[in-house]
């Protein structure tokens, strides 16, 4: 769905709920979800050593899209190779943008993850990747239209790393619904 439609849908779904107060993990008081969770396939290019600086090297959960770090600091993780040359994801704290987002390696199969945890995220170190690695993501704090600041959640699975092109290919499912932690395709459950 194009970004302008996502924003319009969010505004329509949340109109009149500005005074609603919810606890971070409590979905019983949340407005109905406005965004359908879908699995998307994405490519990121390394922060350093990529021949074309016009390519995206980071991802933001708020809009569920890739971003270029030279054009935006509104990101939740970036891709690069660590000091030993291993491919890795870097949360914002690992690239000096503050301890706002977090990453967590998971041993659970991608398809079996249905709910994001609220704790256990790494905030200041990269997570080394390989094909098949599953990572849970917690976004930087996001202001919701109904007056609450919460994190958004996602899960991703590495499909492949091309060291020559310095590219990471992965599939990702982002729950863009404020206050929800559901990581299954479809509308999140309350």
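The values are calculated or read from the model by the stated rules, or taken from the named source; none is laboratory data. In this text, all values refer to a predicted model and were calculated from it rather than measured experimentally. No Cβ is skipped: glycine too gets one built from the backbone with ideal geometry, and neighbour counts run over all protein chains shown.
Here are the numbers for the structure shown:
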quantity	calculated
The stretch 106-116: number of residues that are loosely packed, with under 14 Cβ neighbours inside 10 Å and assigned to a loop (DSSP other than H, G, I, E, B)	4
Residue that is surrounded by the fewest Cβ atoms within 10 Å (Cβ to Cβ), among those in the stretch 127-157 that are touching a helix residue (DSSP H, G or I) at 6+ places or on another chain (Cβ under 8 Å) and closer than 12 Å to residue 179 by Cα	145
Scan of the stretch 95-105 for residues that are surrounded by fewer than 23 Cβ atoms within 10 Å (Cβ to Cβ), farther than 22 Å from residue 131 by Cα and either modelled with pLDDT of 95 or more or touching a helix residue (DSSP H, G or I) at 6+ places or on another chain (Cβ under 9 Å) (or both), ordered by number	98, 99, 100
Only one of 83, 51 that is more than 23 Å from residue 121 (Cα to Cα) and modelled with pLDDT under 95	51
Unmet criterion (only one of (1) under 22 Å from residue 33 (Cα atoms); (2) free of Cβ contacts under 8 Å to residues at least 12 places away in the same chain; (3) within 15 Å of the chain's Cα centre (by Cα)) for residue 111	(3)
